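Notes for the one structure printed next.
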Amino acid sequence: MVAEGLRIQDVSKTFTAPEGGSVRALDGVSLDVGTSEFVVLLGPSGCGKTTLLRAIAGLEDVDSGRIDLAGERLDTVPPFRRAVNTVFQSYALFPFLTVERNIAFGLEMERRPKAEIRQRVAHALELVELSGFAKRTPAQLSGGQQQRVALARALVKEPKVLLLDEPLGALDLKLRRQMQAELKRIQRSVGIAFLFVTHDQEEALALGDRIAVLNDGRIVQVGTPQEVYESPETRFVADFIGETNLLPVERDAAGTVTVAGQWKLVAAEIVGADEALVAGGDQVVLAVRPERVRIDPGGELRGVVAEAAYLGADVHVAIDMGEGLLINVRTDAQDAIPEVGERVAVRIDPRHTRLLSS
Amino acid sequence: MTGQADTRRYPGIGPAARLAFAFLYAPLAVVVAYSFNSGPIVSRWEGFSLVWYREVLERSDVRDAVWVSLRVAVAASAAGTALALLAALGIVAMVRRGSPLAVGFLSTPLLVPEIVTAVGTLSFFVLLDFERGMTTLVLAHTAFCIPFALLPIRARLAELDPAVFEAASDLGASGFRLFRRVTLPLLVPGIVSGALLAFIISLDDYLISAFVAGPTSTTLPIFLFGLIRRGASPLINAVSTLLLLVTVAVLTASYITGKWRKPK
Ligand SMILES: Nc1ncnc2c1ncn2[C@@H]1O[C@H](COP(=O)(O)OP(=O)(O)OP(=O)(O)O)[C@@H](O)[C@H]1O
Ligand SMILES: [Mg+2]
């Protein structure tokens, strides 16, 4: 898989800001993308996602590291000769060309025979369900339709990897969900590797075969959606993907940890405990998802209900543990909803918690 | 917005504005009106007639001057626009590399007193031992057309999404094909608008032309100035009215193409 796909090794890129000073946009990034894999690059604004895509496309030179595609060096090849194509966030369609001429552009640059171009463009139009719009210009299309043209224009060249920079960012929520499903369908049917940038963690979980989480120019974790959601390796990942309770932890020499000053448990029971405790010092926290916390009279942690909101499918309860600490709980809407001010106990299964140091 | 509306309601603003407009347009109105005067004296109205327009068409010295002016304007606006296009693309590259000087260098000629440019251009030709005539005229006009042609081209470049060029490159376009298939079509409105503007600037120029023209290359403005020194004649009004007509038509076209955004 590795020799076939895209391999990014230790790539760094520093920008000098116009005001002076420098920004390390990419800091030793390494990532592999398999031949027909859907990899999502997820991270907050300014973490270097666009810079990484541009480096792969050749629109930005890298300072160090290397990029290979199908076993051949890519980062020394000019952008117009790379077997990767980009779907730009602004779509960047040619306003003076019709939809079909936009899609044909890349094949004309390859000097393909006319008949082949016509047939491949028709096929691409079908793939994105725009066959009836071939003669329109981009200005005569809706945002979602322009998005599909941008996708078809890049896909028709049959690149080895398709790069998508927040392609759904400009669409409203409903259209966004619809296009997500559509993208997944298209990716499966063409079998081309997708490297998809987003800062929306729900989108990342819904789309990715694997998710690479980027923060401050560094890849902090790569894994399947289940892995990054269930087993975040850092505090940042736990916090960024989904909702998480980060509970303060004290520990003693005997290997016992005390959570929120109330709940004692044996460190060895918790995933990641050893590394976290060695590395973390006082910074260690216990991460637990709200849906993994149960309101249970026999629970180890006690507090007062501060808030209870009915959200349709489930109920959100915030429990005040004292000293300003809140634990968020998500329970089934069929359970009894506790009253605000009620004293309750909660139970957390140690197997669903992680100790995180950084 | 509201501030603007308020100022417009100040007492006296309305009449003042009307007065300013009168100052601007009264001379033009006089020129146009008297071009239809039947008498030979500029300052006395003797009735409506097209006699001066007939004279414009019949006099060979007028025709020669028009012909010289048109040839110079076409050649200089074409060459000036081509150079402005190259300059615009150069500026894009320089700005990308972070040079703040690029735009300034090409725009300052707009602010330099024309007489300085005229003297400079003449000295330059004398230094190079150029004989004054059509060639020097076209060269000088090309030079001062560049910054004017550059204005709409740069305005157009500024409103384009730079990602479009990156997309073209990403799809396999490079070098001349990138220029011809993407850059040029995107810039067409700016180029047309710039060329028309340059054409008018060239057509209307007197000062620089007077310095660099030779005895056989009298442009229309030089010819008109010569006529007026021999005493004002309604012929001047007729020629001026025609020149005004051409200017307004071309500038309107330039403005419309500059605003043109709809794809073909
Ligand atoms: N051309 C540039 N010159 C200077 N700094 C830049 C340049 N391009 C990007 N940067 C900086 O590099 C960092 C990473 O930018 P990048 O565009 O890759 O972020 P991003 O993850 O795509 O963010 P977003 O989600 O907001 O699009 C930012 O701090 C940004 O300010
Ligand atoms: Mg970005």
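Which FRET efficiency value, to the nearest 0.05, is calculated for B:Val32 and A:Glu72 with the Förster distance at 51 angstrom and r the Cβ-Cβ distance? The value I calculate is 0.10.
With a Förster radius of 45 Å applied to the C-beta separation of A:Glu300 and A:Asp61, the computed FRET efficiency comes to 0.20.
Accessible surface for segment A:280-324, divided over its residues, is 50 Å² per residue with a 1.4 Å probe.
Taking label points 7 Å from Cα along the Cα-to-Cβ direction, A:Thr14 and B:Phe130 give a separation of 5.0 nm. Compute log10 of I(q)/I(0) for segment A:1-115 with the Debye formula, placing one identical point scatterer on every Cα and leaving out solvent, at q = 0.23 Å⁻¹, to two decimals. So the normalised log intensities work out to -1.34. Counting Cβ atoms of other protein chains within 10 Å of each residue's Cβ and taking the mean over peptide A:85-97 gives 6. Candidate cross-link partners of A:Lys157 among the aspartates and glutamates, defined by an alpha-carbon separation under 17 Å and a same-chain spacing of 8 or more, comprise A:Glu100, A:Glu108, A:Glu110, A:Glu116, A:Glu126, B:Glu166, B:Asp170.
Expressed as cubic angstrom per residue, what is the convex hull volume of the alpha carbon set of segment A:62-138? Numbers along the way, then the final one.
Numbers: hull volume 10.5 nm³, N = 77.
Taking the convex hull of the Cα positions in segment A:62-138, it is 137 Å³ per residue.
Let me know the mean shielding of A:150-156 by other chains, meaning the per-residue number of their Cβ atoms within 10 Å of its Cβ.
Working: counts 1, 0, 0, 3, 3, 0, 1.
Counting other chains' Cβ atoms within 10 Å and averaging over A:150-156 gives 1.
Explain nothing, just the number: relative contact order of chain A, from Cα pairs under 8 Å at least 6 residues apart, as a whole percent. The value is 16 percent.
In whole angstrom, how long is each semi-axis of the equivalent ellipsoid of segment A:151-276, when you take the square root of 5 times every eigenvalue of its Cα gyration tensor and sort them from largest down? It would help to have the intermediate numbers written out before the result.
Values: eigenvalues 305, 43, 26 Å².
Equivalent-ellipsoid dimensions as semi-axes: 39, 15, 11 Å.
Take each of the peptides A:29-39, B:44-54, A:221-231, average the number of other beta-carbon atoms within 10 Å over its residues, and list them starting from the highest.
Details: A:29-39: 19.4, B:44-54: 13.0, A:221-231: 17.4.
Packing proxy ranking, top to bottom: A:29-39, A:221-231, B:44-54.
A P(r) calculated from all alpha carbon pairs of segment B:109-166, with 5 Å bins opening at zero, reads 4, 15, 20, 17, 13, 9, 8, 7, 6, 2 percent. The simple spin-label model puts a point 7 Å past each Cα toward its Cβ; for A:Val23 and A:Ser45 those points are separated by 1.2 nm.
Restricting to chain A, compute how many DSSP beta bridges are antiparallel as a %, nearest 5.
Details: 55 of 74 bridges.
Percentage antiparallel, nearest 5: 75.
Taking N as the residue count of chain B, its C-alpha radius of gyration divided by 2.2 N^0.38 Å amounts to 1.22. Counting only protein heavy atoms, what percent of the accessible surface of segment A:37-81 is carbon or sulfur at a 1.4 Å probe? Percent of accessible area from carbon and sulfur atoms in segment A:37-81: 42.
Buried accessible area for the B:A pair, summed, 1.4 Å probe, in Å² rounded to 100?
On the way: alone 15990 and 17450 Å², together 31360 Å².
When B and A are taken together, about 2100 Å² of accessible area is lost.
Label sites at A:Asp216 and A:Glu269, each approximated as a point 7 angstrom past Cα along Cα to Cβ, lie 3.3 nm apart.
How big, in percent, is the set of alpha carbon pairs in chain A lying more than 26 Å apart? Display every interim value, and only then the final one.
Numbers: 37726 of 63903 pairs.
Tail of the P(r) past 26 Å holds 59 percent of the pairs.
Over segment B:159-257, all Cα pairs binned in 5 Å intervals from 0 give whole-percent P(r) values of 2, 11, 15, 13, 13, 10, 9, 8, 7, 6, 4, 2, 1, 0, listed from short to long.
How well do other chains shield peptide A:132-139, expressed as the mean number of their Cβ atoms within 10 Å of each residue Cβ? Don't skip to the end; give the middle numbers.
Values: counts 0, 0, 0, 0, 0, 3, 1, 3.
The mean count of partner-chain Cβ atoms within 10 Å per residue comes to 1.
Expressed as a fraction of 2.2 N^0.38 Å, the C-alpha radius of gyration for the protein assembly as shown is 1.42. If r is the Cβ-Cβ distance from B:Arg18 to B:Ser60 and R0 is 45 Å, what FRET efficiency results, to the nearest 0.05? Calculated value: 0.55.
Stretch B:Leu101-B:Trp67 to full length: gain in nm at 0.36 nm per residue minus the Cα-Cα span? Please list the in-between numbers first.
Values: separation 34, 0.36 × 34 = 12.24 nm, distance 3.90 nm.
Here the segment from B:Leu101 to B:Trp67 would lengthen by 8.3 nm.
Within the same chain, aspartates and glutamates fewer than 8 places from A:Lys174 are excluded, and of the rest, those with a Cα less than 15 Å from its Cα are A:Glu182, A:Asp200, A:Glu202, A:Glu203.
The values are calculated or read from the model by the stated rules, or taken from the named source; none is laboratory data. What you see is a predicted model, and the numbers here were worked out from it, not measured in a lab. All Cβ positions, glycine included, derive from the backbone under ideal geometry; neighbour counts span all protein chains shown. In case anyone asks, the SASA skips ligands and DNA or RNA and just uses the protein heavy atoms, side chains included. Shrake-Rupley method; radii C 1.70, N 1.55, O 1.52, S 1.80 Å.
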